Amino acid sequence: MEQQKLPNSTLILVFGILSIATCCCYGIIGLILGIIAIVLANKATKVYAENPEAYTGYSNVKTGKILAIIGVILSAIYIAYVIFMFVTVGYSGIMEQYQEALKQMGQQ
């Protein structure tokens, strides 16, 4: 019997990588991509568990799931940080910090 590639194994890996890469976009994009990757990885793991000899690419699924978990954690931490900043400093305080940072970058 010929082995076939696990469904969505490459997509899971790509979403796991992108969840880490986009975790600093206020955490929302990384969180969404990470959750999607975890759900797809769980489905692919169930398919692989039924008949492991029939599929290849399980290493992509495992790696993508690990990266997605890391991305979800980083995104959740960043979301908590953004909420903390809005609660403690407020929107105007955050804008002041951004303007000061832009001025400092312009002087260098």
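The values are calculated or read from the model by the stated rules, or taken from the named source; none is laboratory data. A quick note: this is a predicted structure, and the numbers were derived from the prediction, not measured. When we count neighbours, we look across all protein chains shown, and the Cβ atoms used for this are built from the backbone with ideal geometry, even at glycine. We work out accessible area using only protein heavy atoms, side chains counted, and drop any ligands, DNA or RNA first. Shrake-Rupley method; radii C 1.70, N 1.55, O 1.52, S 1.80 Å.
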Qualifying residues in region 61-105 (those that are open to solvent by 100 Å² or more (accessible area, probe 1.4 Å) and of a type in the set (S, T, N, Q)) - the one farthest from A37 (Cα to Cα): Q104
Test: residue in region 10-31 that is β-branched (V, I, T) and not in a helix (DSSP H, G or I): yes
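Which members of region 33-56 meet the condition of being β-branched (V, I, T) and either in contact with an Asp or Glu (Cβ under 7 Å, 6 or more places away or on another chain) or free of Cβ contacts under 8 Å to residues at least 12 places away in the same chain (or both)?
If we filter region 33-56 for residues that are β-branched (V, I, T), which is where we start, we get 35-36, 38-39, 45, 47, 56.
Result: V39, single match.
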